[in-house]
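Accompanying notes for the structure given below.
FYI, it's all coordinate maths here, none of it is from the lab. The shown structure was predicted, so the numbers you read here are calculated from the model rather than taken from an experiment. Cβ sites come from the backbone with ideal geometry, for glycine too, and all protein chains shown count toward neighbours.
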Amino acid sequence: MSTITSRDAGGRTALSRTAGHLAIAAVGLLMFYPLLWMLSSSFKPVSEIFGSGSLVPASFTWTNYAEGWTGPGLPFSRYLVNSLIVCTLTVIGNVLSCSLAAFAFARMQFLGRKVFFATMLATVMLPQHVTLIAQYAIFRDLGWLDTYLPLVVPKFLATEAFFIFLMVQFIRGIPRELDEAARLDGCSVFGIYRRIVLPLLNPALVTTAIFSFIWAYNDFLAPLIYLSSPEKLTVPLALRTFLDSSGQSAWGQLFAMSIVTLIPVVVAFVVFQKRIVEGVSTTGLK
């Protein structure tokens with residue numbers, strides 16, 4: 001009797017597990033469908049994109065990719081290079097400045113440290129639009145409009161509170177005995193940061209770098225506000241040029257270049273997925 005009961009329980013467990021996996025797969029397919037539709041539409045003629053709901057193109061064509069790559073004014077590769085420049089500088093700035101600020105909050109004692117830390121955390125809840133006008137006025141007076149400086153320079157000033165908090169939590173998990181041992185060996189404060197903390201901070205640094213890259217790569221509002229020259233546009237603004245509110249919109253080219261622009265983000269996430277999860281999951285450990 002006990003054997004039969006255990007078999008029934010095991011069968012119900014396997015059945016419920018299978019049902020759960022099928023439900024997750026169905027939800028995943030539902031969320032993945034817009035991407036599949038965009039990929040399919042990138043190979044369709046414009047007349048077929050909105051005229052058929054099938055994911056399989058009736059007439060397969062590469063024209064959208066060829067015409068989209070040449071761009072409405074400049075080659076699309078120019079916009080990819082522009083985004084790469086902004087993203088690279090953003091990643092370097094956030095990794096360096098946020099790690100230094102996090103080290104100061106986690107390891108150094110100075111007047112008003114808790115107040116500054118609380119104020120820094122409060123900025124996480126502050127919408128970007130609240131400070132947009134003030135920042136624009138400052139950058140205008142500095143003569144930085146239509147340059148990449150408004151997009152890059154703030155990243156070297158530790159303005160990303162989320163990354164600072166992420167690293168502070170990680171540094172707090174590093175034993176202070178390592179700092180004391182290094183100090184006894186004659187290591188300076190900056191030496192402790194560079195030789196002890198920074199190498200052990202690698203998971204959080206990788207997480208910061210990946211999220212900085214993705215956020216900067218997908219940012220639409222800041223480049224829209226500060227950039228005006230066509231040759232300086234980043235990828236999100238370049239995609240917007242395929243849409244014309246007063247005339248014919250190049251939907252096929254838009255979908256084709258959207259697929260192209262997804263490749264760097266998807267590759268970065270797939271390659272560093274394990275490091276991202278490791279960095280986020282270990283920051284709460286004390």
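Summary of values
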| read-out | value |
| --- | --- |
| Loop-located chymotrypsin sites (Phe, Trp or Tyr not before Pro) in the range 94-198 whose Cβ has at most 10 other Cβ within 10 Å (DSSP) | Phe110 |
| Neighbour-count ranking [beta-carbon atoms within 10 angstrom, fewest first] of Glu160, Glu231 | Glu231, Glu160 |
| Formal net charge of residues neighbouring Gly191 (Cβ-Cβ distance under 12 Å; K, R +1; D, E -1) | +1 |
| Summed side-chain charge close to Pro150 - residues other than Pro150 whose Cβ falls under 14 Å, Lys, Arg +1, Asp, Glu -1 | 0 |
| Sorted by Cβ neighbour density within 10 Å, fewest at the top, the residues Met167, Met120 | Met120, Met167 |
| Spatial separation of Cα centroids for the range 192-216 and the range 124-157, in angstrom | 24 |
| Where labels lie 7 Å past Cα in the beta-carbon direction, separation of Thr18 and Phe220 in nm | 4.3 |
| Of [x] 42; [y] 28; [z] 18, the label for percent of Cα pairs over 34 Å apart derived from the coordinates | [x] |
| Ranking of Leu200, Leu227 by count of other Cβ atoms within 10 Å, fewest first | Leu200, Leu227 |
| Efficiency of FRET between Arg183 and Trp144 - r from beta-carbon atoms, R0 45 angstrom, step 0.05 | 0.65 |
| Cβ-defined net charge surrounding Pro57, 13 Å radius [Lys, Arg +1; Asp, Glu -1] | 0 |
| Those residues of the range 189-211 whose amide nitrogen sits under 19 Å from the label point placed on Gln109, 7 Å along Cα→Cβ | 189-190, 192-193 |
| Translational D in µm²/s for the range 92-215 (Stokes-Einstein at 37 °C, 0.692 mPa s, Kirkwood Rh from C-alpha pairs) | 206 |
| Tensor-based shape of the range 154-270 (alpha-carbon gyration tensor, a/c under 1.5 rounded, otherwise prolate or oblate) | prolate |
| Stretchable slack from Arg195 to Val271, in nm (0.36 nm times residue separation minus alpha-carbon distance) | 24.7 nm |
